[in-house]
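Trainee: What follows is a single structure, and I will ask about it in a moment.
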Amino acid sequence: VSSWSKDKPVPESYIFPPETRPGNLIVPTCKTIPVIELCNAEGRNRTDIIQQILKASQEYGFFQVVNHGISENLMNESMDVFSELFEMPDEDKVILYSEDPKKSCRLLTSSLNYDREKVHQWRDNLRHPCHPLQDCIKHWPQKPIRYREVVAALSIEAKKLGLRILELVSEGLGLESGYFGDKLSEALHLFVNHYPPCPDPSLTLGITKHCDPNLLTILHQGDVQGLQIFNNEEWIGVEPLPNAFVVNIGNQLQIISNNKLKSGEHRVVTNSRVARTTAAFFIAPSEDSIIEPAISLVGEASVYRAFEYKDFLLDYLSHIGSNEVVLGRFESQSL
Ligand code: OGA
Ligand code: NI
């Protein structure tokens, strides 16, 4: 989209039907999604911070963190590198573009499902694993020149931040320390999303409604609005805050918590003024991990059966868009 979309009307194949398009609805940016001062978790306000995280994870499946320890400089440098990547000339980007699902680092447009989807999404997307770093870094883009150095530093910090938040979550749920460590949070994937300005944002979507399939997502959404969450049957905008990360609960965390936490449904809308570039780090179980609700949270009944994470991923892709259907297929009675 970044390569051809300038000064052209929206092509037919990017126009969503009236039921799913954003339309001219004015979506308020939400002042109620909690903004958590993470530095306070190490002091005497730890219990309070844990309660804030749990409440937000139950109500919205979303919160923001500030004063999280990742330097402003590193965040800005990374966002610059990500924007530069999508501003590169086509001959530099075409090297990264691939339709081969086995390629670990690749640039694609809209979604994995481009050839089969009814309507395309107004986004380009670079994706690659970030862990283990020494194995995957050699597949990362070589341009912009600083990409590997800067993104390696950010990915290490993002993983640490994610694990710190998961530790607070496990403490809040009454699970043993380190419950989410090790295999449940072994994998780390990065999506760099780029949404060029769109001539008619009322007709298009950057990403359609979905929940993230992984454990926990750490998103830097930059300073341009676009992310919306579906809460109480209405869409609300997530306010871009300087130096903040948006954190959301993925499907696996909802399942392991036996529905005590919820994975929030969200989408991305476009705008006609400026390009929006975001970076989402997905902390995920290793593919052979067995996922099931934590025994101490099961109580009377386990909502979900045990399964292998890779089976969830396969199933997710064919039912993406309906979280109820995705999760329903892993409920205990669906055996
Ligand atoms: C995603 C996502 C949000 C954004 O990549 O899964 O929801 O604002 N991204 O780019
Ligand atoms: Ni998402």
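The values are calculated or read from the model by the stated rules, or taken from the named source; none is laboratory data. Since the structure is predicted, the reported quantities are computational estimates derived from the model, not experimental observations. Counting neighbours? That spans all protein chains shown, and the Cβs are built from the backbone with ideal geometry, glycine included. Please note that ligands, DNA and RNA were not included when accessible areas were found on the heavy atoms of the full protein model with its side chains. Shrake-Rupley method; radii C 1.70, N 1.55, O 1.52, S 1.80 Å.
Trainee: Just to be sure before I move on: is PHE191 aromatic (Phe, Trp, Tyr) and away from ligand 1 (no atom under 11 Å from the Cβ) in the structure I sent? Spell out the reasoning first.
Mentor: Values: aromatic (Phe, Trp, Tyr): yes; away from ligand 1 (no atom under 11 Å from the Cβ): no.
Spelling it out, it is not the case that PHE191 is aromatic (Phe, Trp, Tyr) and away from ligand 1 (no atom under 11 Å from the Cβ).
Trainee: Out of (1) open to solvent by 60 Å² or more (accessible area, probe 1.4 Å); (2) in contact with a Leu (Cβ under 8 Å, 6 or more places away or on another chain); (3) not charged (D, E, K, R), what's the single condition that is false for VAL246?
Mentor: (1)
Trainee: Still on this structure: How many residues are surrounded by 14 or more Cβ atoms within 10 Å (Cβ to Cβ) and within 21 Å of VAL269 (Cα to Cα) if we restrict to region 29-62?
Mentor: Going through region 29-62 one residue at a time, the tally reaches 5.
Trainee: Shifting gears a bit: Can you find a residue in region 266-281 that is under 20 Å from VAL325 (Cβ atoms), of a type outside the set (Ser, Thr, Tyr) and away from ligand 1 (no atom under 12 Å from the Cβ)?
Mentor: no
Trainee: Here is a list: ILE290, ILE256. Which entry is away from ligand 1 (no atom under 16 Å from the Cβ), at pLDDT 95 or above and in contact with an Asp or Glu (Cβ under 7 Å, 6 or more places away or on another chain)?
Mentor: None of the other options fit; the residue is ILE290.
Trainee: Only one of these is under 30 Å from TYR147 (Cβ atoms) and open to solvent by 60 Å² or more (accessible area, probe 1.4 Å): ASN24, ASN76. Name it.
Mentor: Just one listed residue meets the conditions, ASN76.
Trainee: Does PRO213 satisfy the condition of being crowded, with 18+ Cβ neighbours inside 10 Å, under 30 Å from GLU19 (Cβ atoms) and free of Cβ contacts under 8 Å to residues at least 24 places away in the same chain?
Mentor: no
Trainee: Based on what the data block shows, is PRO242 part of a loop (DSSP other than H, G, I, E, B), closer than 30 Å to VAL10 by Cβ and not hydrophobic (A, V, I, L, M, F, W, C)? Full working, then the answer.
Mentor: Values: part of a loop (DSSP other than H, G, I, E, B): yes; closer than 30 Å to VAL10 by Cβ: no; not hydrophobic (A, V, I, L, M, F, W, C): yes.
No: the conditions fail for PRO242.
Trainee: Taking region 225-248 on its own, how many of its residues are near ligand 1 (Cβ under 9 Å from one of its atoms) and free of Cβ contacts under 8 Å to residues at least 60 places away in the same chain?
Mentor: Selection size over region 225-248: 2.
Trainee: Restricting to region 171-223, count the residues that are among the hydrophobic types (A, V, I, L, M, F, W, C), out of contact with any helix residue (DSSP H, G or I) (no Cβ under 7 Å at 6 or more places or on another chain), in a loop (DSSP other than H, G, I, E, B) and within 16 Å of ligand 2 (Cβ to nearest atom).
Mentor: Looking only at that region, the number is 1.
Trainee: Turning to a different aspect of this structure: Looking at VAL65, VAL1, which is the one that is under 24 Å from ILE249 (Cα atoms), in contact with a strand residue (DSSP E or B) (Cβ under 9 Å, 6 or more places away or on another chain), surrounded by 13 or more Cβ atoms within 10 Å (Cβ to Cβ) and β-branched (Val, Ile, Thr)?
Mentor: Result: VAL65 is the single residue among VAL65, VAL1 that is under 24 Å from ILE249 (Cα atoms), in contact with a strand residue (DSSP E or B) (Cβ under 9 Å, 6 or more places away or on another chain), surrounded by 13 or more Cβ atoms within 10 Å (Cβ to Cβ) and β-branched (Val, Ile, Thr).
Trainee: Cβ-Cβ below 8 Å, separation at least six or inter-chain, first residue in region 136-161 and under 16 Å from ASP80 (Cβ atoms) and open to solvent by 40 Å² or more (accessible area, probe 1.4 Å), second at pLDDT 95 or above and of a type in the set (D, E, K, R): which pairs?
Mentor: The qualifying pairs are LYS143/ASP92; ARG146/GLU77.
Trainee: Okay, moving on. So in region 265-287, with the set limited to residues that are over 22 Å from GLU186 (Cα atoms) and within 12 Å of ligand 2 (Cβ to nearest atom), which one is surrounded by the most Cβ atoms within 10 Å (Cβ to Cβ)? Give the steps one after another, and end with the answer.
Mentor: Let us first name the residues in region 265-287 that are over 22 Å from GLU186 (Cα atoms), namely 265-278.
Remaining after also requiring within 12 Å of ligand 2 (Cβ to nearest atom): 265-268, 278.
Details: GLU265: 21, HIS266: 26, ARG267: 19, VAL268: 23, THR278: 24.
The selected residue is HIS266.
Trainee: What helices (runs of 4 or more DSSP H) lie completely within region 47-165 and have 1 or more residues being of a type in the set (Asp, Glu) and touching a Lys or Arg at 6+ places or on another chain (Cβ under 7 Å)?
Mentor: On the way: elements: 72-87, 90-93, 133-136.
Those helices (runs of 4 or more DSSP H) span 90-93.
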